[in-house]
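Everything on this sheet refers to the single structure shown next.
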Amino acid sequence: MAPPTATTPQAWDVYVQEMKGLGYGYPMWFPGPDPTYGNIKLGDIGFIEKGRFRCLFNCMHPEGDASHGNRGERLPEPFVPFKFAAPLDEKRYRRGPDLAISQRTLTGITKRQLKTPGEGSTQATPTGATSVEETSVASLSLNSPALRTFLDCRGLIEEYMDKHGDTWLEFFQQENIVFVYGHTMTAACKVSAWVPSPREDATTTSASSSAVVASMKAMIHMGPDPTPTHLVAQEHPSDQNTIFLDCHFHPKKTTKRASGKTLERLISPVIKPAHASEKGKGAAQGTASSTRPAKSTPSSQKGAT
């Protein structure tokens, strides 16, 4: 198989693209504890890179708290911790852990028709171009139910990030920074994604059994001239895997001059996580359809950016 190029989707890209539509939050391709800072915690500030969360620091602990040093955190300057209106408000706003996912398998599938001017396909269009079916598939297999814990105070979080986010972006030289206000965790699990392969390549597998491949092929229902793919899978044996995150995204802003006016442009996309358990379980089945289930914004997550 040819090496991936800049335009070839990586496994974590396909996984996020397909699984985030199920409504459980932002999917983690690498959900296990980090060797340095351990499990992802509520109040962690960081960024998402290549399928994993990179923690910078936790904003809910005071500056002198020993946890900052124990987790290898680097506090920004100046550091202003996130505070509730009253000392007991954390208990007031904290929800869970509650049952979030009881299914053994979640699957996201998207089919789309691509028109290409090249040769090599028998599906010619009236314009002379060829039509190729591209299928994106990702799945999450659980050994035990997943539980969700989150802070139900989005307004306070948004105010906090609006006040300090730009300073942190500059301090850490990042383009996007997130506040983790919720996480869905489970024990041992397995993540999988079908990644496009070069046309001459046959379907291959990585860290997966032939039975899984056959099952996935049956779900995909590949057309007569599909985009070849290979299965990439990761097994995570830890008993504490963070499979979905609830995040408030704070992207970097730049200003441009256009027609004498100053425009603000977000240079990275804002993802609005929603939670399936709060909008109905129908989306959790991940049925094979090119039409995504409509996303509704739960009351506990209104105002997501």
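None of the figures in this text is laboratory data; all of them are computed from the coordinates on show. Quantities reported herein were computed from a predicted structural model and do not represent experimental measurements. Here the Cβ positions follow ideal geometry from the backbone for every residue, glycine too, while neighbour counts run over all protein chains shown.
Worth a mention:
- The packing ranking, built from the mean of other Cβ atoms within 10 Å per residue, places the peptides 59-69, 102-112 in the order 102-112, 59-69, highest first.
- Each Lys and Arg contributes +1 and each Asp and Glu -1, all at the Cβ; summed about the Cα centre of segment 131-188, the dipole is approximately 380 debye.
- Coupling constants for segment 43-58 follow from the phi torsions by the Karplus curve (6.51 cos²θ - 1.76 cosθ + 1.60, θ = phi - 60°), and in residue order they are x, 5, 10, x, 9, 9, 9, 6, x, 9, 8, 10, 7, 9, 6, 9 Hz; glycine and proline get x.
- Distance between modelled label sites at Glu63 and Ser238, nm, 7 Å Cα→Cβ extension: 3.0
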